[in-house]
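Notes to accompany the following structure.
Any read-out appearing in this document is the output of simple, stated calculations on the displayed coordinates, not a laboratory observation. Being a predicted model, the structure only gives us computed values, none of them experimental. Because the Cβ atoms are built from the backbone with ideal geometry, glycine has one as well, and the counts that use them run over all protein chains shown.
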Number of protein chains: 2
Amino acid sequence: MGQLVDVAMNFIERCERHSTLQALVQDLSATLKLFGFNYFMMTRLPALGEDAEPYIIAHTWPNEWLVRYREGKYFWHDPVSAFSLTRSRAFTWGEARIGSRRTRIAGKIASEASSLGLADGIGFPMGDASSVQAVVSLAADRPVDLDTLSRHMLHLVCLNAEMRAVEIYDKASKVFAALTDREREMLRWIANGKASEDVADILKVSRRTVEVHLQHARQKLNAATTTHAVARALISRQIKL
Amino acid sequence: MGQLVDVAMNFIERCERHSTLQALVQDLSATLKLFGFNYFMMTRLPALGEDAEPYIIAHTWPNEWLVRYREGKYFWHDPVSAFSLTRSRAFTWGEARIGSRRTRIAGKIASEASSLGLADGIGFPMGDASSVQAVVSLAADRPVDLDTLSRHMLHLVCLNAEMRAVEIYDKASKVFAALTDREREMLRWIANGKASEDVADILKVSRRTVEVHLQHARQKLNAATTTHAVARALISRQIKL
DNA sequence: GTGTCAATTGTGGAATTCCACAATAGGAAG
DNA sequence: CTTCCTATTGTGGAATTCCACAATTGACAC
């Protein structure tokens, strides 16, 4: 019981010291086995309908399973992955499957997974309740039945592993030039559906002024269009809706 | 030592059962005091330069401090809050202050906070490493010196509290109509700076087809302009950049 | 088999944005 | 005090988007 707390704490401390994804994966994999999980998948979420594979950060899933997942575009048919997109709390695969109506394809996916040693699992969405960014999914060869403490320790393990993994994986994060207050102000109105002229009226300046600010914003964000600039400003958190 | 684990687990279990923000805040506040923290602040992050106050989800900060924070627009001068925007891991205020150059205003904020009983604290960014969504900040009247276990238990407490708080607070989350594959495809190209004509070429359809899809997207997302639609599609996670 | 919905294409004109070139004024920093 | 940056406004024309009105094809569901 208390042992798992130590296992988790020790893993988290080691986490910081791993400087390669490989080492981290190995350590995480070993740690998770102590909790009864043989495989894990750590991935960001693709936009709807998109191919999920490029978003994978790290995993130890059997290659065979990964191939099938890709070929069959399982991501968009698997109720478990669908669950990941909406849930902000931890959930077991069992829960996810019960919560969704049974379709042919869902049943097929579940039985195929089971035959490859991924019978049940638990998913930890990363991010807050308003927007899930990534998911760490753990697979076991039998139904998941964790006590509360183990579950939360696992959550902590996955949380820290993901943080570290993204740090390692994603060192080259997109950095855009900083906009001025005025530029952000203009962009924000545009992002909210106003035309340049509207913004001009709202801010009591000429339409031209608005357009020049937008032009500067486009240049700074290296954007081809104002829409492009808005998208980039949004993801770089320089504006909000 | 092991007691704090129980305290944390018990709190997390109670969390689910709280149905009002008030009850949650009270419980959280009491729980945090057992860890030596007298006040907390749970907030989402404003866009650069924006007023931070509307983004507060819940807090127990002294009113006097909150007023000063607002009046002086401290959020944008306080190295601690600046830290929240970039860090994805837990950090103490002390760490944040050391990591940034000392300015007059920063020193003033720190000493004012200290005189009101917020001498040091710890911040837990919520969200993954690539995008911080919210922060839970805990304040203590003396320098923070937590052992690893306590720190991680606190992290778990804050994580679950925030989840629940957002669930309660944000029941009326913006829901937009689902776009079709094609609509998303078009929007994605537009979000990436392409003109309708470019998209038409890329997808081997007529410019008009692209525009009709965009029109439908605008209608579904209730957006006045395509830019508006892109912004909404982005925040509702229907497209990615 | 009928109905609903997605995807596709078209026309023509109004509305809007984008761009190259220029210039003035004020504030902050060195 | 000089320099850099930001905010502001202007012109005119090219490029692009937006809109109202219409219609065909194919897929999936009841």
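Structural remarks
- Expressed in Å, the radius of gyration and Dmax of the Cα atoms of chain A are 22.1, 68.
- Among the listed pairs A:LYS220/B:LYS240; A:LYS204/B:LYS240; A:LYS73/B:LYS204; B:LYS33/B:LYS73, a Cα-Cα separation exceeding 30 Å is found for A:LYS204/B:LYS240.
- Pairwise FRET efficiency - B:THR20 versus A:ILE56, Cβ, R0 = 30 Å, nearest 0.05: 0.15
- Length-normalised contact order for chain A - Cα pairs under 8 Å, 6+ apart - percent: 19
- Ranking of B:VAL144, A:VAL212 by count of other Cβ atoms within 10 Å, fewest first: A:VAL212, B:VAL144
- Distances between copies of A:SER29, taken at a point 7 Å out from Cα along the Cα→Cβ vector and listed shortest first: 4.9 nm.
- Solvent-free Debye scattering, log10 I(q)/I(0), computed from the Cα coordinates of the protein assembly as shown at q = 0.07, 0.08, 0.09, 0.13 Å⁻¹: -0.40, -0.53, -0.67, -1.34
- Under the simplified labelling scheme, the B:ALA178-B:ARG89 pair shows an inter-label distance of 4.0 nm, with each label point 7 Å from Cα along Cα→Cβ.
- Span from the the stretch B:107-170 Cα centroid across to the the stretch A:199-241 one, whole angstrom: 34
- Taken about its Cα centre, chain B carries a charge dipole of about 700 debye when Lys and Arg each add +1 at the Cβ and Asp and Glu each add -1 at the Cβ.
- Ascending list, in nanometres, of distances separating the A:PRO143 label from those of the other copies (7 Å, Cα toward Cβ): 5.3
- Each residue in B:ASP27, A:ASP181 was given a count of other beta-carbon atoms within 10 angstrom of its own, and listing them fewest first yields A:ASP181, B:ASP27.
- Sorted shortest first, the distances from the B:GLU112 label point to those of the same residue in the other copies are 6.1 nm; each point sits 7 Å from Cα along Cα-to-Cβ.
- The stretch A:79-93 and the stretch B:51-69 have Cα centres spaced 33 Å apart.
- For the stretch A:116-168, the mean projected area of the C-alpha convex hull, equal to one quarter of the hull surface, is 4.4 nm².
- For the options B:THR20, B:THR60, B:THR209, a Gaussian network treatment of chain B with springs between C-alpha atoms closer than 10 Å singles out B:THR209 as fluctuating the most.
- Charge dipole of the protein assembly as shown about the Cα centre (unit charges at C-beta), most positive-ward option of B:ILE57, A:VAL205, A:ILE168: A:VAL205
- Alpha carbon Rg of the stretch B:177-241, scaled by the compact-globule rule 2.2 N^0.38 Å: 0.96
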